[in-house]
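Working notes, structure below.
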Amino acid sequence: MALPEELDFTAPTVAGGTFEGASLLGRPAVLWFWAPWCPVCQREAPLIADLAGQYEGQVAFVGVAGLSGDLASMEDFIADGGVDAIPHIDDRDGDVYTRFEVTQQYDFGLVSADGTVEVIRGPLGEDEIVAAVERLAAG
């Protein structure tokens, strides 16, 4: 399976490590694009945390924190939103946003197990987010 261009990256994480986009190849994944100051993103966080737990082992969840130069705000958002169980990319340089052609926070990047990448433009309602994850999990 060829690596889609969108997943051909190595990026720092908010926690201080690195994340390899290629690690998502061959399994369904949700990339949740967010910014720490975004009220829509703050509302979505508990749902993302619930879905990540519900689909653990079936669908990978990765936060992509961007549109902010403030690492401390990103850390606070993750803690306050309860989304600390999933990895979060520190995309202050905008590389991952650009790879997925995301121009605003609250978009979702969906990667199917076959490597197909789709970006859903937000903001999305809770039912739309759940339906997208269910679709990915079903293959």
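The values are calculated or read from the model by the stated rules, or taken from the named source; none is laboratory data. Keep in mind it's a predicted model, so treat the numbers as computed, not measured. Using ideal geometry, Cβ is built from the backbone for each residue, glycine included, and neighbour counts are taken over all protein chains shown. Just the protein is used for accessible areas: all its heavy atoms, side chains included, with ligands, DNA and RNA removed. Shrake-Rupley method; radii C 1.70, N 1.55, O 1.52, S 1.80 Å.
Structure notes:
- Dipole moment magnitude, nearest 20 debye, the chain about Cα centre, only Lys, Arg, Asp, Glu C-beta charged: 140 debye
- The stretch 1-32 and the stretch 78-94 have their alpha-carbon centroids 14 Å apart.
- Surface calculation, 1.4 Å probe, protein heavy atoms: ARG99 sits at approximately 80 Å² accessible.
- For the stretch 85-125: span of alpha carbons on each principal axis (Å, largest first): 28, 24, 21
- Along each principal axis, Cα extent of the chain, largest first, Å: 37, 30, 25
- Interchain or long-range residues, amide H under 5 Å from GLY26's placed H: GLY115
- Relative contact order computed over the chain (Cα-Cα under 8 Å; 6+ residues apart), in percent: 33 percent
- Residue-span extension gain [GLU126 to ALA113] - 0.36 nm each, minus C-alpha spacing: 2.4 nm
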